[in-house]
Amino acid sequence: MEHTWSRDNSKSQIDDIWTSYLILLDISEPKLSTSDESTKSDHKILSIEWNTRISLKTGRKKQSKRKIYMYDRVTTDDWTKFSDDLIKKMKEL
């Protein structure tokens, strides 16, 4: 096993990666690459492809319809009917 970190005479490696078997069905061979160019770190970059077969694609959710009240077009008769209907519904409670 290749070391994932080293400095002078010291070295270490990742021993285990824990995951649930329910979400992990297939993984690729781990690959180590140096981070000299990207992060200038003394740690190597561990790359693994995790094939969980879980779809992350979420379709566009339909927005619920909404009512738009145009109060400037409401007549006195409309307000009277609305008021009467509201009183009737409240009495039914």
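Taken together, the values in this text are just the output of simple stated rules run on the coordinates, not laboratory data. What you see is a predicted model, and the numbers here were worked out from it, not measured in a lab. With ideal geometry, Cβ positions are generated from the backbone for all residues, glycine too; neighbour counts draw on all protein chains shown.
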Quiz item: Charges only on Cβ, +1 for Lys and Arg, -1 for Asp and Glu: so what's the dipole of the chain about the Cα centre, in debye to the nearest 20?
Solution: 900
Practice problem: Enter the per residue convex hull volume of the stretch 31-76, computed from alpha-carbon coordinates, in Å³ rounded to the nearest integer. | Solution: 198
Quiz prompt | Loop-resident sites, the chain, for GluC sites (Glu not before Pro), counting at most 12 other Cβ within 10 Å (DSSP) | solution = 2, 37, 49
Practice problem: For helix 76-92, report the angle its Cα long axis makes with the longest principal axis of the Cα atoms of the chain; keep it between 0 and 90° and round to the nearest 10°. | Solution: 70
Self-check item: Positive-end residue, the chain charge dipole about Cα centroid, Cβ charges, pick of 63, 20, 39
Solution: 63
Quiz prompt | Column: log10 I(q)/I(0), Debye, Cα scatterers of the chain, q = 0.11, 0.14, 0.18, 0.20 Å⁻¹ | solution = -0.61, -0.80, -1.00, -1.07
